[in-house]
1. Ranking request for peptides 59-67, 411-419: highest mean number of other beta-carbon atoms within 10 Å first, then the rest in descending order.
2. Ordered by packing density, taken as the mean number of other Cβ atoms within 10 Å over each peptide's residues, highest first, how do 302-315, 176-189, 120-133 rank?
3. Could you tell me which GluC sites (Glu not before Pro) in segment 304-344 are loop residues by DSSP with no more than 15 other beta carbons within 10 angstrom of their beta carbon?
4. Can you list the HN-Hα couplings for segment 35-46, worked out from phi with the Karplus curve (6.51, -1.76, 1.60; θ = phi - 60°), rounded to whole Hz and with x for Gly and Pro?
5. Which of the aspartates and glutamates could a cross-linker span from residue 285 if the Cα-Cα distance has to be under 18 Å and same-chain partners fewer than 8 positions apart are dropped?
6. Each residue of segment 108-115 in turn: what ³J(HN,Hα) in whole Hz from Karplus with 6.51, -1.76, 1.60 and θ = phi - 60°, glycine and Pro shown as x?
7. Projected area of segment 212-261, taken from the Cα convex hull and averaged over every viewing direction, in nm²?
8. Just to confirm a number: summing +1 for Lys and Arg and -1 for Asp and Glu over residues other than residue 366 whose beta-carbon lies under 13 angstrom from that of residue 366, what do you get?
Amino acid sequence: MSRTQRFLSLLLGAILFPAWAMAGIQPGQLAQALENAHSGDTLELEPGLFSGHYRIDTSLTLQGSPGTIIDGGGKDTILTISAPDVSVKGLLLRNSGDNLTQHESAIFIKTSGRDAHIQNNRINAQGFGIWVDSAPNVLIERNRITGNTEIRSQDRGNGIHLHHVNGAIIRDNTVCQARDGIYINVSNHNSLVANRLCNQRYGIHYMYSNSNTVRSNRSWGNRTGYALMQSTRLEVINNRAENDKGYGFLLNYITQSTLRDNAAVDIKASTSPDGTRSIEGGEGKALFIYNSQKNRIHGNTFARTAIGIHMTAGSENNEIHGNSLISNRTQVKYVSNRAQEWSKDGRGNYWSDYMGWDINDDGIGDVPHEPNDAVDRILWTYPMARVLMNSPAVELMRWVQSAFPILRPRGVKDSHPLMRPPETQEERS
């Protein structure tokens, strides 16, 4: 080979295989590497501090190493994805901007960033953690996202925010101390599976989103575990809310949805931010159902909470059976003159305070269970009347209802109460 040919060969190799492609990208080289990358490339970042803001306009994989940090310097979005089929893995992203109006995020996926994979990253979020803006079929899994506890929770961004997104899978992430852990808005046919959510406003928050799956997630220490609002055809299965505040599961204008094999236990009362006073209506409710209709609610456990199920505001035509209500101070709060039958096909729910009997030992109580009465209604409507709780007048009213059932107001009735709690999904498996 002549000297000229050898020089051209070395020059071509340098162009096609620059040093960073073989040895890994060092701090200061990432912007150029992204600009020169080709579709299908893998850019491997060496350990070190990468400062700045970067845009991925090519379908590629951005792979970090232990100790790889991308720091946004406290302004703007750190990483913007605008190409399809981009993978981002193994990075620590920190110090994005905190301007929520501008959607400043650690990672912002634009509409053109369909099929993005965001995996195994750590994000210390100042604004939003990951914002997905109309990009379909994204996968976000095994990331750990934390918010900034030095600012008020309502001023933080959401950990994972989906806006007008279809076909997303949000799986096995841990999100804590954000505003909302996972926020879903106007987004259909998405799956939220096996995420862990703690110490924020809402663990999972749905608005105007249909045909979604929420499965096997865990929520604790949030002001509401699962806030499901203005949505239809949700599958909410095998989730757990424990030691949340205010509400375990909140259904607000939810229709044609399934709530199955979930658990809400030890839900605490909501308090003011300084912890000095209780919030009205936030005494602790395992399940709150507001103006929600035609839902299937079965196989759930609601336990050790001030109110097991609170149903109000025209919530009708729901199937409620096979649930366990255990040791709630008030098992059911329902203020309405419409009768509600909480059983189906000869099977109702398990009530830890049921005082009936089962002579034929078929597992079904022989007398119906009615978990609230006229006295309950008076106390819910006029809380000050609680001072009369043990008075002769109250005792007389309850005796009259017992002696003359026709005088008992219509409300929730379980005609076939279960004598034992149904097996949970964990016990069945």
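1. Working: 59-67: 17.4, 411-419: 20.8.
The peptides rank, most packed first, as 411-419, 59-67.
2. Working: 302-315: 21.4, 176-189: 23.2, 120-133: 25.4.
Packing proxy ranking, top to bottom: 120-133, 176-189, 302-315.
3. Values: sites: 316, 319, 341; in loops: 316.
Filter output for segment 304-344: 316.
4. After applying 6.51 cos²θ - 1.76 cosθ + 1.60, I find 5, 8, 5, 10, 4, x, 5, 10, 9, 9, 8, 6 Hz.
5. Partners found: 242, 244, 261, 266, 353, 376.
6. 10, 9, 7, 4, 6, x, 4, 6
7. Working: hull surface 12.2 nm².
Dividing the Cα hull surface by four gives the mean projection, 3.0 nm².
8. Numbers: positive: none; negative: 358, 361, 362, 414.
Here the count lands on -4.
The values are calculated or read from the model by the stated rules, or taken from the named source; none is laboratory data. Quick caveat, the model's predicted, so the values are computed rather than measured. Note that each Cβ is placed from the backbone with ideal geometry, even for glycine, and that neighbours are counted across all protein chains shown. Accessible surface is based on the protein model in full, side chains and every heavy atom, while ligands, DNA and RNA are left aside. Shrake-Rupley method; radii C 1.70, N 1.55, O 1.52, S 1.80 Å.
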